[in-house]
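**Q** Quick one: structure below, then a few questions.
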Number of protein chains: 2
Amino acid sequence: MNYCSNCGSADLMYKIPEDDHFPRFVCPDCDTIHYTNPNMVVGCLIDKDGKIMLARRGIEPRLGFWNLPCGFLENEETVEQGAKREVYEETGATVELGNLHTVYNLPHANQVYLIFKADMVGDKYELTTESTEIRFFAPEEIPWDEIAFSSNAFAIKKYIEHGKADKITHVGSYFKDKIR
Amino acid sequence: MNYCSNCGSADLMYKIPEDDHFPRFVCPDCDTIHYTNPNMVVGCLIDKDGKIMLARRGIEPRLGFWNLPCGFLENEETVEQGAKREVYEETGATVELGNLHTVYNLPHANQVYLIFKADMVGDKYELTTESTEIRFFAPEEIPWDEIAFSSNAFAIKKYIEHGKADKITHVGSYFKDKIR
């Protein structure tokens, strides 16, 4: 952050505001405090006849790797709405949600994944600009070496381990050295 | 957003970027796309001898109302770390987390609450700049008319309804007309 997005000042200071505990970009000219916080990634683990839907990523990052349909939660939507929207945008499929299946932290990336269990409504799905291939994998067919993100691997493993009837929400994390 | 926080340009456009589905502030000078997304609020429902800890808010919004200890998740922390930190900042208490208890959407405010069940580690708690009173309430003592946020009321109700042994994560939402 180089300029105040409110008043355009170039004199931003990075400091802990009064009554706060964390450093923020603060504008000395208009007094705006610029907060940045982690984002949610929402998506679905879709089970069709005992097989899990994966979509091959048509976009960076991890272009070409297999992914559970998921993406950033948008303003003014619920996590359920976001999870269904992302499935539709990436695969053209309409789904009905089950329980919240996994919550997964990526603190180095300032992201938290929320993955719901889901069932297809109808059989329709199709390739999109975001997905170059869509397949349903039986547990023993999961391409573990080609899974896009650890958040997805965690969700798939928990699903295989605990089964469709399980209603527990599993919480996990991936820690790594900070990239910067 | 009036100015590009990257280059200081005053010529920001609000439009749907290529390959996107939502309008964003886009800078025509440096091509930065400015994303804004919902925030997470993390906290704890702390059970001590069958009573629930509530803290009377010493800060706006909802100054003077009773609240489960909670606050915004910060960058580079997990939801578990954030939930414990917020308890400590607001009440001076150290807690051990149980399962993720509730996930609650406030889409009009672009917030999602994640509340964990928790137990005190030791008996220490104290007033802070953020809390003017701390009390433990039996289920029949809950001051429903003075609860700060619907997210807290939802969590407390689910807890009373399902009990401490319950391991299910309950997902709920509050919808209202958009404020703007």
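The values are calculated or read from the model by the stated rules, or taken from the named source; none is laboratory data. Values in this document were obtained by computation on a predicted structure and should not be read as measured data. All Cβ positions, glycine included, derive from the backbone under ideal geometry; neighbour counts span all protein chains shown.
**Q** Checking B:Glu140 against (1) assigned to a strand (DSSP E or B); (2) out of contact with any Phe, Trp or Tyr (no Cβ under 6 Å at 6 or more places or on another chain); (3) under 23 Å from B:Glu161 (Cα atoms), which test does it fail?
**A** (1) is the only condition that B:Glu140 fails.
**Q** Another question, then. Out of the residues in segment B:125-142 that are of a type in the set (S, T, N, Q) and in contact with a strand residue (DSSP E or B) (Cβ under 9 Å, 6 or more places away or on another chain), which is surrounded by the most Cβ atoms within 10 Å (Cβ to Cβ)?
**A** B:Ser131
**Q** Quickly run through segment B:93-124 and pick out the residues that are within 18 Å of B:Leu54 (Cβ to Cβ), touching an Asp or Glu at 6+ places or on another chain (Cβ under 9 Å) and loosely packed, with under 15 Cβ neighbours inside 10 Å.
**A** Once the filter is applied, which keeps residues that are within 18 Å of B:Leu54 (Cβ to Cβ), touching an Asp or Glu at 6+ places or on another chain (Cβ under 9 Å) and loosely packed, with under 15 Cβ neighbours inside 10 Å, segment B:93-124 yields only B:Asp119.
**Q** Just the residues that are within 19 Å of A:Arg62 (Cα to Cα) and more than 13 Å from chain B (Cβ to nearest Cβ), please, taken from segment A:102-130.
**A** Within segment A:102-130, A:Leu127 is the sole residue that qualifies.
**Q** OK, next. Hey, does segment B:44-58 have a residue that's buried (at least 17 other Cβ atoms within 10 Å of the Cβ) and either facing chain A (nearest Cβ under 9 Å) or within 11 Å of the chain's Cα centre (by Cα) (or both)?
**A** Yes, there is a match, as at least one residue in segment B:44-58 is buried (at least 17 other Cβ atoms within 10 Å of the Cβ) and either facing chain A (nearest Cβ under 9 Å) or within 11 Å of the chain's Cα centre (by Cα) (or both).
**Q** While we're here: State all residues of segment B:3-43 that are closer than 30 Å to B:Thr128 by Cα and more than 14 Å from chain A (Cβ to nearest Cβ); if no residue qualifies, say none.
**A** Once the filter is applied, which keeps residues that are closer than 30 Å to B:Thr128 by Cα and more than 14 Å from chain A (Cβ to nearest Cβ), segment B:3-43 yields only B:Gly43.
**Q** Only one of (1) away from chain A (no Cβ under 12 Å); (2) modelled with pLDDT of 95 or more is not met by B:Gly71, so which one is it?
**A** The number of the failed condition is (1).
**Q** So, one more: Any idea which of A:Val95, A:Val41 is closer than 22 Å to B:Phe22 by Cβ, among the β-branched types (Val, Ile, Thr) and over 15 Å from the mean Cα position of the chain (by Cα)?
**A** Answer to the check: A:Val95.
**Q** Now a separate question. Quick check: anything in segment A:148-156 more than 14 Å from every other protein chain (Cβ to nearest Cβ) and loosely packed, with under 14 Cβ neighbours inside 10 Å?
**A** no
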